[in-house]
Structures are given as structure tokens and as C-alpha cells.
Ligand SMILES: *Cc1c(COP(=O)(O)O)cnc(C)c1O
């Protein structure tokens, strides 16, 4: 099979995610044939630096020998088993290990197979759980403008990225969206959530937020102390607080959980992506209080589950990921890299044409336009410049960013930063 044959089959029969047809028809030259560490290997023999950890997943890099070995070993021992009426070692011990390192108070784990599924569980747990603890009027949700919680219908109802919502606006459930936050306006947005909770809090089942960083909105970072006020407001109103740590968890922002920046625990926490790293799996962690709301009798169980939820291979890998974090000091080693990345993004704020620069942990982002929407073209120019220079830099509209593997070697990080800056300068016509 030659690269051309792969591209031909792809163009003829694959329906690409998030991809306009004209774009699909034009592009497609990037055929990935392998990956290792922080690099993607392409069919034309290049070794591209993976600037976004392959859609925010490969925090441990590609082809980590321990993950590869665990995958093979687990496939030989127990390939699949149901989690209804049965259990197995990895699902049981993973839940125990997760609760041990989760923010205090989270004691139960519900497994799903992707991040959107983990959000759906949280949505259903809020509605059914609130009703079963005597609060049936709580049927609504609150989320932030610009929020991204996944693409299934429930998750899309919470989402605030306009182009993703628009076609379905007529059938999405009621979600109160807090006033549009931007780099300066998050305090206003959180104040408006608190007002909503004050005014009509007895109709709210849950409040969903991505703690400290809104990823898909364009890596928008806000002051963690806003979460402290939100926690208090949720407690006063009796609404459950849900943290979507699918992107921010596992050290992306520095500590294991982004909520640690604020010292706040949510009632439900969704994890995914790095969680199982090389196979699809996700989980929703909940407090005793949430779990107890489902203990009232047979009709009060959570009748929900996916075929592959808690599957042995995913659970084994998720345990291996945790073991690697513990034994290879992943967070400690990433701190040095994060400082390098942060300093460089602060400098890049001065490039003519850059509207804003920011960084947190192993995330750095630049807005290339004042209103950096999804449909702009500047980000894609940086993408093309990046490919020509040896890096994969998929943008979020006119926001360009890096979130490389946490374990990226220092020399490769320097190379990636140099390519990123050169690509931005080239796209903006701002030579050094
Ligand atoms: C990716 C993501 C999701 C959805 O996860 P999928 O596995 O793609 O369904 C939800 N929330 C956040 C914050 C994400 O980054």
C-alpha cells in the first residue's frame, strides 16, 4: 500500500471528524505510519514533533514501552469481560487507585469508553440523583460560554462553542449559559453563574466547568480562585458541581488535577484522554453523597452502561499510566519543561500581530486575532508553516498553541518552540 493509495481510499470513503469537505479534498498528504516519543512518523519519511500530544492524549509520549508491554500482556490474559454481574482485577484496583489520588471526597468510579460518555454519566447522575434525593425540580444545568464537554448530544447541550451547537440548537436540553467569558471577562462570567444560582438555584441540577483552562475554546485560562466562589455558590444553592478534567487532568496544567490550583473538590469529576492513553476509556468519579442517591431500591439504580465500559485492556492501561506517573516522576520532570515553555510564550507576546499570549503548565497559546474564532485562517497558515518545518501544530481557529507530551526531552522541546515561533512569524509576516 503506497501513501497515494492510502490518501485515495481516505478521500473516497472516510468521513473525517471536524473537517469541511473542501478541506478533506485538498489536504490528506499527512499519512502517519508510526510514532515514538514526541514524534509522528510520516509516510514520506519525516519525523514531525507532535505539538498537541495527538489530540491531547499522548502525555507520556508515543510508544511508551511499559504501555505497549502492558497492552500485549493484558490482551493475552483477559481480553474482554462484562462489568455487569462480574468484575475483574483491573477494574476493581483501578477504581481504588484512582480514588486514592483523586481530590478528597471522591470515592466511587463509573467507567465509560470516552470523555463525552463520562460527561453523559455526570449529566444523568445529576438529574436522576437530584430527583431521588427529593429535588425533582432540578432539571437544568449551568455551563460557561465557550465550554467544550464533548460531542454527544448531552455533552453538546452543555457546550458553548457556537459552530458545534448551531445545527442541533433546536433539540438540545436547557442549559443556562453564563455570559461570554474572555481573557478579561471570566470574573464576570463566574459572577453571573453565582447570580443564576442565587436566583433560580433550586431548578439547577448541576454546574459544569473545565477547571482553570477552557481547552477547545482556545486554551483560555482563568483565575483558579473563581472556583472557590463557585463551590460556595453551588453549596448554598444545593446544585452539584461537576469538573470536566478530561483535558486538564493528569498534570497538563501542572498538578495532577487542575482543581488543585484552587483547592476545591467537585461532586463529580470526569476523566479521559491521558487516563488510558492508548485505548479509549474514561471515567466519572463521584462523592459518597452522589452515589448514595442511587441506593434507594431497584428502580433507583443508574441504568446506564457502555459495552466496553471498564474493559480489562483499558483498565490495565489506565493502571499502568498511574504507575508510570508514580514511578517516573512525570509531574516533577514536567515542571522544568513548563518553566521553559512559559518563558518562551511570554516573550512571543511581543511578536507583531500576536493579540495575546498565555501559558499554564505544559500549555502555551497565542491568539493571532483579537476575536480568535474557529473559522479564521491564520491558525491554518501556522499549521502549514509548521508542517514545512517539522512539527504538527493543529490550531483552534486563530488560536495557535502547544501542549506537547509532558515527557518531551528538553532538546526536542527547544526545537518545537523554535519551529512554533518561526511558523507564527512566517504566518504573520513578522520576520525576526
Ligand atoms: C476531549 C474532551 C471531551 C470529550 O472527550 P472524547 O473522548 O473526545 O469524547 C470532553 N471534555 C473535554 C474538556 C475534552 O477536552
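Values quoted throughout were computed directly from the atomic coordinates according to the rules given, and no laboratory measurement underlies them. A quick note: this is a predicted structure, and the numbers were derived from the prediction, not measured. Cβ placement follows ideal geometry from the backbone for every residue including glycine, while neighbour counts extend to all protein chains displayed.
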Quiz item: Which translational diffusion coefficient, to the nearest whole µm²/s, is obtained for the chain from the Stokes-Einstein equation, given a Kirkwood hydrodynamic radius over C-alpha pairs, 37 °C and 0.692 mPa s?
Solution: 146
Quiz item: In what order do 256, 219, 1, 281 fall by count of nearby beta-carbon atoms within 10 Å, going from fewest to most?
Solution: 1, 256, 219, 281
Exercise. Quick one: grab the alpha carbon gyration tensor of the stretch 364-411, order the square roots of its eigenvalues as a ≥ b ≥ c, and give me rounded if a/c is under 1.5, else prolate or oblate depending on whether a/b is larger than b/c.
Key: oblate
Quiz prompt | FRET efficiency estimate (nearest 0.05) - Cβ-Cβ, residue 1 to residue 47, R0 30 angstrom | solution = 0.90
Self-check item: Gain on full stretching of the segment that runs from residue 384 to residue 131 - 0.36 nm per residue minus C-alpha separation
Solution: 86.0 nm
Quiz item: Applying 1/(1 + (r/R0)^6) with R0 = 30 Å to the Cβ-Cβ distance of residue 8 and residue 328, what FRET efficiency is obtained, to the nearest 0.05?
Solution: 0.10
Quiz item: Of the peptides 400-409, 260-269, how do they stack up when ordered by the mean number of other Cβ atoms within 10 Å, highest first?
Solution: 400-409, 260-269
Exercise. Grab the Cα-Cα distance for residue 223 and residue 176, subtract it from 0.36 nm times how many residues apart they are, and report the gain in nm with one decimal.
Key: 14.8 nm
Quiz item: For the pair residue 32 and residue 339, how long in nm is the line joining their label points, each one 7 Å along Cα→Cβ?
Solution: 3.1
Quiz prompt | Zone residues, the stretch 138-155, relative to residue 203, backbone N less than 15 Å from point 7 Å out along Cα-to-Cβ | solution = 138-143
Quiz item: What is the fewest-to-most order of 432, 166 by other Cβ atoms lying within 10 Å of their Cβ?
Solution: 432, 166
Quiz prompt | Tilt relative to the chain, helix 65-77 - C-alpha long axis, 0 to 90 degrees, to 10 | solution = 50
Quiz item: In terms of the Cα gyration tensor, with a ≥ b ≥ c the square roots of its eigenvalues, is the stretch 143-301 rounded because a/c is under 1.5, prolate because a/b exceeds b/c, or oblate?
Solution: rounded
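In what order do 133, 8, 319 fall by count of nearby beta-carbon atoms within 10 Å, going from fewest to most?
Taking fewest neighbouring Cβ atoms as first place, the list is 8, 133, 319.
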Quiz item: So for the pair residue 166, residue 430, with labels modelled 7 Å out along Cα→Cβ, what separation do we get in nm?
Solution: 2.9
Quiz item: How much mean residue ellipticity at 222 nm does the chain get from its helices, if each DSSP H run of length 4 or more adds -39500 (n - 2.57) and you divide by all residues, to the nearest 500 deg cm²/dmol?
Solution: -12500 deg cm²/dmol
Quiz item: To the nearest 10 degrees, how steep is helix 89-101 against the longest Cα principal axis of the chain, on a 0 to 90 scale?
Solution: 90
